[in-house]
Every structure is written in structure tokens, then in C-alpha cells.
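Some notes on the structure that comes next.
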């Protein structure tokens, strides 16, 4: 079963269970996936691969994390909590996050590959390509900064 099929099955299950919160999040995700498919379409219909669907999910999680920061700065903790609940629902579909030790090893390897005169962006690009979806960009960024010292 593809990830998109799993999401559709979970959407139907949420409808049957009358789980309004999960249903709302999964409908939003289905819309985001459809929007991505339309954007990539060049005359013929396109179906996103599991990797592309994971990118959409990760993007939606990032949007919510950004919203949480904004809500907390604005003193709207109830809205921040709602966003946190949505993130928990979405994270179920993302791969497990990489351990710090393994991420640190990849960062050091990428920094060595890039060489002594490499810039931050070059190292970040190498690391993000290797950890695709298994580590948050902010976490990777912090480790790259630390490694490049």
C-alpha cells in the first residue's frame, strides 16, 4: 500500500470514527497533496511517489512549527496547542527521526567530503541529501554550524 493510499484509508477511518480533529488534518493533507500533483502536472495526470508525499507532509509539519512560534510570541497558547496536536497526527506518517550520534557522523563525513574551505550551504546540501526526511532542517543546521565551528 502506498503512503497516499494509507492516508486515504486513515481519512475514511477518521470519518467513520467521527474523529473531527484527525479528519480535518487528513483532509488538509489530502488537499496539499492534490495541490502538489496539480503543480507538477504537465498536461497529463501525475501521481506523487511516496517520497514526494513525505516531502508534502514534512512541509506541512514545518508550517505548523512556524505557526507555533508565531502564536507563542503573540500570546496565543491555545492556538499553539492546536498546532502541536496537528503535528502529532502528521508525524505518524513521517519516518522515524535519526539519532543525534548518527546525524553527527553524517555531518562530519559531509564536512570532510566538502573540504576545509567549504561553505555552510555546501555542507548543508550534502547532509540534507543524505538524511532526507529523517532529520529536521533546524537540527541539521545546528550540527553543521557546530562541526564547522
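The values are calculated or read from the model by the stated rules, or taken from the named source; none is laboratory data. This one's a predicted model, so the numbers in the text were calculated from it and none came from an experiment. Cβ coordinates were reconstructed from backbone atoms using ideal geometry, including for glycine residues, and neighbour counts include every protein chain displayed.
Here is how the numbers come out for the structure above:
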| quantity | calculated |
| --- | --- |
| Residue 16 being under 22 Å from residue 81 (Cβ atoms) and either in contact (Cβ under 8 Å) with a residue 24 or more places away in the chain or not in a loop (DSSP other than H, G, I, E, B) (or both) | no |
| Search result, residues across region 84-93 that are assigned to a loop (DSSP other than H, G, I, E, B) and surrounded by 14 or more Cβ atoms within 10 Å (Cβ to Cβ) | 93 |
| Among the residues listed as 66, 45, the single one being on the phi < 0 side of the Ramachandran plot, loosely packed, with under 15 Cβ neighbours inside 10 Å and part of a loop (DSSP other than H, G, I, E, B) | 45 |
| Yes/no for residue 87 being under 16 Å from the mean Cα position of the chain (by Cα), closer than 13 Å to residue 132 by Cβ and at pLDDT 90 or above | no |
| Of all residues making up region 78-94, the number that are more than 13 Å from residue 22 (Cα to Cα) and out of contact with any helix residue (DSSP H, G or I) (no Cβ under 7 Å at 6 or more places or on another chain) | 2 |
